[in-house]
Amino acid sequence: QVQLVESGGGLVQAGGSLRLSCAASGSIFRVNAMGWYRQPPGKQRELVAGITSGVGTKYADSVKGRFTISRDNAKNTIYLQMNSLKPEDTAVYYCNILQGVREYWGQGTQVTVSS
């Protein structure tokens, strides 16, 4: 089992920055992919940024050039650096790990961007 705990969300003005963290614990091995998703109010969950082993990183078009996903293997932590935030970035952000055929989600962290 893998447990994921997100942190770093909050309220920020447009143009500001936030860094989300996702700390993983438990049986962490052979992780195929990890990423950040978000779910805006009244909308479906969508991929924001992901890292796939042996492939690389990918970003949603709406965040390219503003968001950066990274990982610290020593700390078993995934980060999402978010710059130049916009009101449309307001959402609950979720961390996700794909381990073999198993998929794990964090509880989510709220990001609110005021105009």
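The values are calculated or read from the model by the stated rules, or taken from the named source; none is laboratory data. Computed from a predicted model, the values in this text were never measured in an experiment. When we count neighbours, we look across all protein chains shown, and the Cβ atoms used for this are built from the backbone with ideal geometry, even at glycine. Surface areas here come from the heavy atoms of the whole protein model, side chains and all, with no ligands, DNA or RNA. Shrake-Rupley method; radii C 1.70, N 1.55, O 1.52, S 1.80 Å.
Considering the zone a paramagnetic label at L11 would reach in this model (a point 7 Å from Cα along the Cα-to-Cβ line), which residues of the range 67-110 have amide N under 14 Å from it? So the set is 110. Computed from backbone phi with θ = phi - 60° and the Karplus coefficients 6.51, -1.76 and 1.60, the 3J(HN,Hα) list for the range 8-19 is x, x, x, 9, 9, 7, 4, x, x, 10, 9, 10 Hz; x is used for glycine and proline. Using the Cβ-Cβ distance between R71 and S114 with R0 set to 30 Å, the FRET efficiency works out to roughly 0.50. Listed peptides 36-49, 78-91 appear in the order 78-91, 36-49 once ranked by packing, highest mean of other Cβ atoms within 10 Å at the front. Shape analysis of the chain places it in the prolate category; the axes a ≥ b ≥ c from the Cα gyration tensor give an a/c of at least 1.5, with a/b above b/c.
Measuring nothing but how far apart in sequence close Cα pairs (under 8 Å, 6+ apart) lie, relative to its length, the range 1-108 scores a relative contact order of 36 percent.
How big is the gap, in Å, between the Cα center of the range 14-31 and the Cα center of the range 55-110? Cα centroid to Cα centroid, the span is 7 Å.
Excluding ligands, DNA and RNA, the accessible surface per residue across the chain is 54 Å² with a 1.4 Å probe. Our summary gives the range 55-115 a relative contact order of 25 percent, counting only alpha carbon pairs under 8 angstrom and 6 or more residues apart. Got a number for carbon plus sulfur as a percent of the chain's accessible area, 1.4 Å probe? It is 48 percent, rounded to a whole number.
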